[in-house]
Amino acid sequence: MSDIKIKITDREGVLHEVDAPTDMNMNLMEVVRSYELAPEGTIGICGGMAMCASCQCYIKSNHELPEKSDDEEAMLAEAFFVEENSRLGCQIHITDDLDGLEVELAPEEG
Amino acid sequence: MIKTDILIIGAGPTGLFAVFEAGLLQLRCHLIDALPQPGGQCAEIYPKKPIYDIPGFPEILAGELVDNLMEQIKPFQPGFTLGERAETIEKLEDGSFVVTTNKGTKHNAPVVAIAGGLGSFEPRKPLLGNLSRYEDKGVAYMIKEPEIYRNKKVLIAGGGDSALDWSIFLADVAEEVTLVHRRNEFRGALDSVEKVQELKNKGKINLITPAEVVALHGAGKLEKVTVQRTDTEEELEVEVDNFIPLFGLSPKLGPIADWGLEIEKNAIKVDNSLDYQTNIPGIYAIGDVNTYPGKLKLILCGFHEATLMCQSAYQRIYPNKKYVMKYTTVGGVIGFDGSKKEAPKAVVKAIN
């Protein structure tokens, strides 16, 4: 079992430093859910298919992330509160390279 | 008033399978769903995605699963109220419930099973300060009667299939169609994208990309919108009669949240030790909409919950009847339509 550290700022502005496993086929959205950093039902609504934007987050650190897929691009093009550094958490696979990643959860859509 | 034995709210896989299990017990079902077609998320959001954890199906497309369920429940002749959202519930003196939809359709049943998944799908609304002021005064989130746009100046926002398809359709109806999208790329069926390109070239669709609507104007009703180009930040004003943002749908628990049911984590608490009944006797919650210790939001779990719910519903409807569970291999499936499916009888014949 190997873990990396991720800093996640929740929607209330509270910073959490959590351990995320790299060997459990998890993505960032699932890490947020497993630590219950956002209420159930407000994140990961589509289950991780890049078909909603409920797991949108802003990437604060300079980590090199995998390119956005067409699905993610398209979803972000229709999402709200989108910034330059917006990504869908469900499309970010937890790997060793992401150690020290800093992200902030985007506000919940109305 | 529509009368049935079990009124199921939500026509996703769990709700559909409940019809089958109820049918085996000779109970009739009627389903209400806010979407215009049965299947819930499977049909609306990911019909083309494969599912790998339906027992007995190594791989099945979500849309195929829905088709199969519809076929499986056909003998039990379920009723459907589609495109309407269950709004209010009322308990009558005889203990039965009346559920009324947003369009006023009334349903009466002794048992209500909420199989509402993530909730009803509501249009996603853009974040514009005075948006609600213009709702039904020029702003609409879905197109119900295209004719009302005849000879009107219409602005559609969005980059998916519905934005493309309606732009194409209204190009022949409206006086002027403007399509605004945040990116230059559209996500839709290839022929829709090509058709929009063709209509743009002919000057029948006014395309503004990459851009978004940033302000609405008009006294009383919508008269004008401000569109900002996302690349140059240049703003332009477009005179319109109608603004139709088509940004897809997002699920909301909606009015069910106000039915007096115990809610936890945006889901309805149920008794998982017995029958998935809520805190209101006679109202059950099955599938993704419920929660209990150890809950998993899986279709296969919804099927199980639906099955146990039907047994409990039967006892509730017929408190004095004894029921012994029968295997379909033994009892077959006897439909309300007179159809009968059963295992072929083995031949008993001597071999000399």
Restricting attention to segment B:21-39, report how many residues are in contact with a Leu (Cβ under 8 Å, 6 or more places away or on another chain) and over 20 Å from B:Gly254 (Cβ atoms). 1
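Would you mind finding the one in B:Asn279, B:Asn272, B:Asn266, B:Asn242 that is under 30 Å from B:Val177 (Cα atoms) and either within 13 Å of another protein chain (Cβ to nearest Cβ) or of a type in the set (S, T, N, Q) (or both)? Spell out how you get there, then give the answer.
Working: B:Asn279 fails: under 30 Å from B:Val177 (Cα atoms); B:Asn272 fails: under 30 Å from B:Val177 (Cα atoms); B:Asn266 fails: under 30 Å from B:Val177 (Cα atoms).
Of the residues listed, the single one that is under 30 Å from B:Val177 (Cα atoms) and either within 13 Å of another protein chain (Cβ to nearest Cβ) or of a type in the set (S, T, N, Q) (or both) is B:Asn242.
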Within segment B:148-167, can one find any residue that is surrounded by fewer than 17 Cβ atoms within 10 Å (Cβ to Cβ), part of a loop (DSSP other than H, G, I, E, B), within 13 Å of chain A (Cβ to nearest Cβ) and acidic (Asp, Glu)? no
The number of residues in segment B:297-317 that are of a type outside the set (A, V, I, L, M) and either under 18 Å from B:Asn68 (Cβ atoms) or within 21 Å of the chain's Cα centre (by Cα) (or both) is 7
Do we find that A:Ile43 is modelled with pLDDT of 90 or more and within 11 Å of chain B (Cβ to nearest Cβ) in this structure? yes
For segment B:177-241, list the strands (runs of 3 or more DSSP E) that sit wholly inside it and hold at least 1 residues that are in contact (Cβ under 8 Å) with a residue 60 or more places away in the chain and farther than 21 Å from A:Leu76 by Cα; which are they? B:211-217, B:224-229, B:235-239
For B:Pro58, the lone unmet condition from (1) at positive phi; (2) without any contact (Cβ under 8 Å) to a residue 12 or more places away in the chain is (1)
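Yes or no, residue by residue, for (1) of a type in the set (Val, Ile, Thr); (2) surrounded by 15 or more Cβ atoms within 10 Å (Cβ to Cβ):
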{"position": "B:Thr105", "(1), (2)": "yes, yes"}
{"position": "B:Gly119", "(1), (2)": "no, yes"}
{"position": "B:Pro126", "(1), (2)": "no, yes"}
{"position": "B:Asn130", "(1), (2)": "no, no"}
{"position": "B:Tyr141", "(1), (2)": "no, yes"}
Across segment A:47-88, the tally of residues that are under 17 Å from A:Arg33 (Cα atoms) and either basic (Lys, Arg) or not in a loop (DSSP other than H, G, I, E, B) (or both) stands at 5
If the requirement is being of a type outside the set (D, E, K, R) and within 27 Å of B:Tyr141 (Cβ to Cβ), which of these qualifies: B:Ile280, B:Ile286, B:Ile268? B:Ile268
Within segment A:6-41, tally of residues that are of a type outside the set (Gly, Ala, Ser), out of contact with any Lys or Arg (no Cβ under 8 Å at 6 or more places or on another chain) and either part of a loop (DSSP other than H, G, I, E, B) or without any contact (Cβ under 8 Å) to a residue 24 or more places away in the chain (or both): 13
Among (1) outside the structural domain of B:Phe97 (by TED's automatic domain parsing); (2) buried (at least 18 other Cβ atoms within 10 Å of the Cβ), the one test that B:Ile256 misses: (1)
Result of the Cβ filter at 9 Å on segment B:299-323, keeping first residues that are without any contact (Cβ under 8 Å) to a residue 40 or more places away in the chain and under 20 Å from B:Gly117 (Cα atoms) and partners that are in a helix (DSSP H, G or I) and β-branched (Val, Ile, Thr), at least 6 apart or interchain, is B:Cys301/B:Thr14
Being within 8 Å of chain B (Cβ to nearest Cβ) and either surrounded by fewer than 16 Cβ atoms within 10 Å (Cβ to Cβ) or aliphatic (A, V, I, L, M) (or both) is the filter here, so list the residues in segment A:51-70 that pass it. A:Met51, A:Asp70
Read through the list (1) surrounded by 14 or more Cβ atoms within 10 Å (Cβ to Cβ); (2) within 13 Å of chain A (Cβ to nearest Cβ), then give the number of the only condition that B:Val177 fails. (2)
Unmet criterion (only one of (1) of a type outside the set (A, V, I, L, M); (2) in contact with a Leu (Cβ under 7 Å, 6 or more places away or on another chain); (3) over 20 Å from A:Glu36 (Cβ atoms); (4) buried (at least 16 other Cβ atoms within 10 Å of the Cβ)) for B:Asn279: (4)
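State whether one or more residues within segment B:110-126 are assigned to a loop (DSSP other than H, G, I, E, B), over 30 Å from B:Thr14 (Cα atoms) and not assigned by TED's automatic domain parsing to the domain that holds B:Ala215. Step through it out loud before you land on a result.
Looking only at segment B:110-126, we keep the residues that are assigned to a loop (DSSP other than H, G, I, E, B), and these are B:110, B:115-119, B:124-126.
With the extra rule that they be over 30 Å from B:Thr14 (Cα atoms), the set shrinks to B:126.
Now narrow it down to the ones that are not assigned by TED's automatic domain parsing to the domain that holds B:Ala215: B:126.
Yes; the residues of segment B:110-126 include at least one that is assigned to a loop (DSSP other than H, G, I, E, B), over 30 Å from B:Thr14 (Cα atoms) and not assigned by TED's automatic domain parsing to the domain that holds B:Ala215.
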Do you know which residues across segment B:282-300 are within 14 Å of chain A (Cβ to nearest Cβ) and closer than 22 Å to B:Tyr327 by Cα? B:Ile299
Subset of segment B:310-352 (residues that are more than 30 Å from B:Phe97 (Cβ to Cβ) and among the hydrophobic types (A, V, I, L, M, F, W, C)): B:Val330, B:Ala343, B:Ala346, B:Val347, B:Val348, B:Ala350, B:Ile351
All but one of (1) at pLDDT below 95; (2) farther than 16 Å from B:Ser120 by Cβ; (3) surrounded by fewer than 19 Cβ atoms within 10 Å (Cβ to Cβ) hold for B:Leu246, so report the exception by its number. (3)
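Please indicate, with yes or no, whether at least one residue in segment A:21-30 is of a type in the set (Ser, Thr, Tyr) and within 14 Å of chain B (Cβ to nearest Cβ).
Quick first cut of segment A:21-30, residues of a type in the set (Ser, Thr, Tyr) only: A:22.
Still in the running and within 14 Å of chain B (Cβ to nearest Cβ): none.
No: zero hits.
The values are calculated or read from the model by the stated rules, or taken from the named source; none is laboratory data. Every value quoted in this text rests on a predicted model; they were computed, and no experiment measured them. Neighbour counts run over all protein chains shown; Cβ positions are idealised from the backbone, glycine included.
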